[in-house]
Amino acid sequence: MRRVVITGTGIYSCLGKNLDEVAESLYAGKSGIGIDEKRIEYGYRSPLTGIVERPQLKGLLDRRLRVGLAEEGEYAYMATVEALRNAGIDDNFLDNNETGIFYGNDSSAKAVIEAHQIAVEKKDTTLMGSGAIFQSMNSTVTMNLSTIFRLRGANMTISAACASGSHSIGLGYLFIKQGLQDIVLCGGAQETNYLSMGSFDGLSAFSICTDEPTKASRPFDKNRDGLVPSGGAASLILEEYEHAKKRGANIIAEVVGYGFSSNGLHISQPSPDGCIRAITMAMRDAGVQVSDIDYINAHATSTPQGDAAEAQALDRMFAVAKTPISSTKAMTGHECWMAGASEIIYSALMMQNSFIAPNINFETPDEYSKNLNIVAKTQEKKIDVFLSNSFGFGGTNSALVVRKFENTNSI
């Protein structure tokens, strides 16, 4: 059986613009959440968001290649540059090896709205500009990254709501495991501009605890009142083990299990049973038991119903084992299409540095989370195997099991 390893990671988020900055924020329990004044002007009920600095790509990337990049594509470019560098992959390698790309993205709102505004005001679609079409499509990230980095393998955007980033890794894992690719770039990206989240705000899905922004995201806490939107991008290089070993790559971890399910119920309501089926499938694929899982990075977004459904699922599966659990969304907010990929990187950083990042703002358990071992403060712990959950609108569920790399064919 072909093994699938992670040989490179890159991150650009509200916790930091690179792996070192993000690792420090995770350990310190530092929140990246703040207030966006433009959301107040626009009419948002909640102006809370993860604060992500736009990268300055002039001088880094030719204008011809920049013109088609939407905001989330800019983040993805930065994360991918770091991931490739981290993996020891240069332009020469990419030109001489078939590399695939699976990237999670489920919207590109700003580009669509701005193009529409030009047409309304000028009555002339030719004034939208040559980059409008490439920025506005859901596949904007994959079409741009595959062009910029000259990727010649599988090329697909995974559009699966808030499980998009996780499913992208799962599909990359399956393609490599089945021998269809030897190396794949996977990840997820999410725009953070005020135009991207108005419809969510209109559903009253966001926290309105604006007095203390860093305390607004409260996964699993009884007093949570909604999620905080966020974004950025996360990139991972997945590679077949023998391929990685042959080129002398530094192996970070091994993806050993992927599970998925669909709730088949309400379009926006979660299901404990759907969560359990995805988690069970991932653990069966990985060949691990509940007692083997050292840490769970929960999906928990800080919404009353979503957290409750996941807590019920985790209670039924892990409460007896007292498996340590935290949701890094307490610090990042909900990174949406990016979250499933970024949380693999967050968890891998914990694994590499032997600690569990805290579920900050967890003060009062509710009836569903009271039985769980929620880690509220940074905990020193050796992590050999972790589970990461991602669930999204439409009932799409994804779970990934990642193991600390062991140079043995017994896995």
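The values are calculated or read from the model by the stated rules, or taken from the named source; none is laboratory data. This one's a predicted model, so the numbers in the text were calculated from it and none came from an experiment. When we count neighbours, we look across all protein chains shown, and the Cβ atoms used for this are built from the backbone with ideal geometry, even at glycine.
Of the conditions (1) in contact with a Phe, Trp or Tyr (Cβ under 9 Å, 6 or more places away or on another chain); (2) aliphatic (A, V, I, L, M); (3) over 23 Å from Tyr346 (Cβ atoms), Ala300 fails just one. Which one is it?
The number of the failed condition is (3).
Test of understanding: among Glu53, Glu71, Glu37, Glu21, which residue is under 23 Å from the mean Cα position of the chain (by Cα), more than 13 Å from Leu185 (Cα to Cα), loosely packed, with under 14 Cβ neighbours inside 10 Å and not hydrophobic (A, V, I, L, M, F, W, C)? If you could, list the steps in order and put the result at the bottom.
Working: Glu71 fails: loosely packed, with under 14 Cβ neighbours inside 10 Å; Glu37 fails: under 23 Å from the mean Cα position of the chain (by Cα); Glu21 fails: loosely packed, with under 14 Cβ neighbours inside 10 Å.
The unique qualifying residue is Glu53.
Return the pair list, or none, for Cβ contacts closer than 9 Å from residues in segment 197-225 that are closer than 16 Å to Asn361 by Cα and touching a residue at least 12 places away in the same chain (Cβ under 8 Å) to residues that are basic (Lys, Arg) and part of a helix (DSSP H, G or I), at least 6 apart or on different chains.
Cys209/Lys215; Ser217/Lys329; Pro219/Lys329
Among all residue pairs at least 6 apart or on different chains, which show Cβ distances below 6 Å where the first residue, located in segment 129-147, is more than 19 Å from Gly188 (Cβ to Cβ) and the second is part of a helix (DSSP H, G or I) and among the hydrophobic types (A, V, I, L, M, F, W, C)?
Cβ pairs passing all conditions: Ala132/Ala115.
Considering only segment 257-272, state which residues are within 30 Å of Asn353 (Cβ to Cβ) and buried (at least 22 other Cβ atoms within 10 Å of the Cβ).
Selection gives Gly257, Tyr258, Gly259.
Can you tell me which condition Ala321 does not meet? The list is (1) in contact with a helix residue (DSSP H, G or I) (Cβ under 7 Å, 6 or more places away or on another chain); (2) small (Gly, Ala, Ser); (3) surrounded by fewer than 24 Cβ atoms within 10 Å (Cβ to Cβ); (4) at positive phi, and all the others hold.
So Ala321 meets the others, but not (4).
For segment 367-378, state whether one or more residues are touching a Lys or Arg at 6+ places or on another chain (Cβ under 7 Å) and either within 20 Å of Ala253 (Cβ to Cβ) or assigned to a helix (DSSP H, G or I) (or both).
So far as segment 367-378 goes, no, none of its residues is touching a Lys or Arg at 6+ places or on another chain (Cβ under 7 Å) and either within 20 Å of Ala253 (Cβ to Cβ) or assigned to a helix (DSSP H, G or I) (or both).
Conditions: (1) among the acidic types (Asp, Glu); (2) closer than 19 Å to Thr303 by Cβ; (3) touching a Gly at 6+ places or on another chain (Cβ under 7 Å). Glu191 meets all but one. Number of the miss?
Exception for Glu191: condition (2).
Restrict the check to segment 204-226 and report whether at least one residue is surrounded by fewer than 24 Cβ atoms within 10 Å (Cβ to Cβ) and farther than 27 Å from Leu26 by Cβ.
The answer is yes; a qualifying residue exists.
Looking at (1) of a type in the set (A, V, I, L, M); (2) under 20 Å from Cys209 (Cβ atoms); (3) surrounded by fewer than 22 Cβ atoms within 10 Å (Cβ to Cβ), which is the only condition Leu65 fails?
(2)
Restricting attention to segment 331-374, and to residues there that are among the small types (Gly, Ala, Ser) and touching a helix residue (DSSP H, G or I) at 6+ places or on another chain (Cβ under 9 Å), which single residue is surrounded by the fewest Cβ atoms within 10 Å (Cβ to Cβ)?
The selected residue is Ser369.
Of everything in segment 130-152, what is small (Gly, Ala, Ser), closer than 18 Å to Thr80 by Cβ and assigned to a loop (DSSP other than H, G, I, E, B)? Give them in sequence order.
Pass one, segment 130-152, residues small (Gly, Ala, Ser): 130-132, 136, 139, 146.
Restricting the remaining residues to those that are closer than 18 Å to Thr80 by Cβ gives 139, 146.
Residue satisfying the conditions is Ser139 alone.
Which of the residues that make up segment 166-207 are charged (D, E, K, R) and closer than 19 Å to Glu71 by Cβ?
Within segment 166-207, Glu191, Asp201 meet the criteria.
Can you say whether Ser268 is in contact (Cβ under 8 Å) with a residue 12 or more places away in the chain, touching a strand residue (DSSP E or B) at 6+ places or on another chain (Cβ under 9 Å), over 21 Å from Val402 (Cβ atoms) and among the small types (Gly, Ala, Ser), as far as the supplied structure shows?
no
Among the residues of segment 173-227, count how many are of a type in the set (Val, Ile, Thr) and in a strand (DSSP E or B). Please lay out each step first, then the result.
Going through segment 173-227, the residues of a type in the set (Val, Ile, Thr) turn out to be 176, 183-184, 192, 208, 210, 214.
Then drop every residue that is not in a strand (DSSP E or B), which leaves 183-184.
Of the residues in that region, 2 qualify.
Checking the condition farther than 18 Å from Ser369 by Cβ, under 20 Å from the mean Cα position of the chain (by Cα) and either in the same structural domain as Ser388 (by TED's automatic domain parsing) or among the small types (Gly, Ala, Ser) (or both), which residue from Ala278, Ala286, Ala300 passes?
Selected residue: Ala278, the only one of Ala278, Ala286, Ala300 that is farther than 18 Å from Ser369 by Cβ, under 20 Å from the mean Cα position of the chain (by Cα) and either in the same structural domain as Ser388 (by TED's automatic domain parsing) or among the small types (Gly, Ala, Ser) (or both).
Out of the residues in segment 88-108 that are farther than 17 Å from Met143 by Cα and of a type in the set (A, V, I, L, M, F, W, C), state the one that is surrounded by the most Cβ atoms within 10 Å (Cβ to Cβ).
Here the answer is Ile89.
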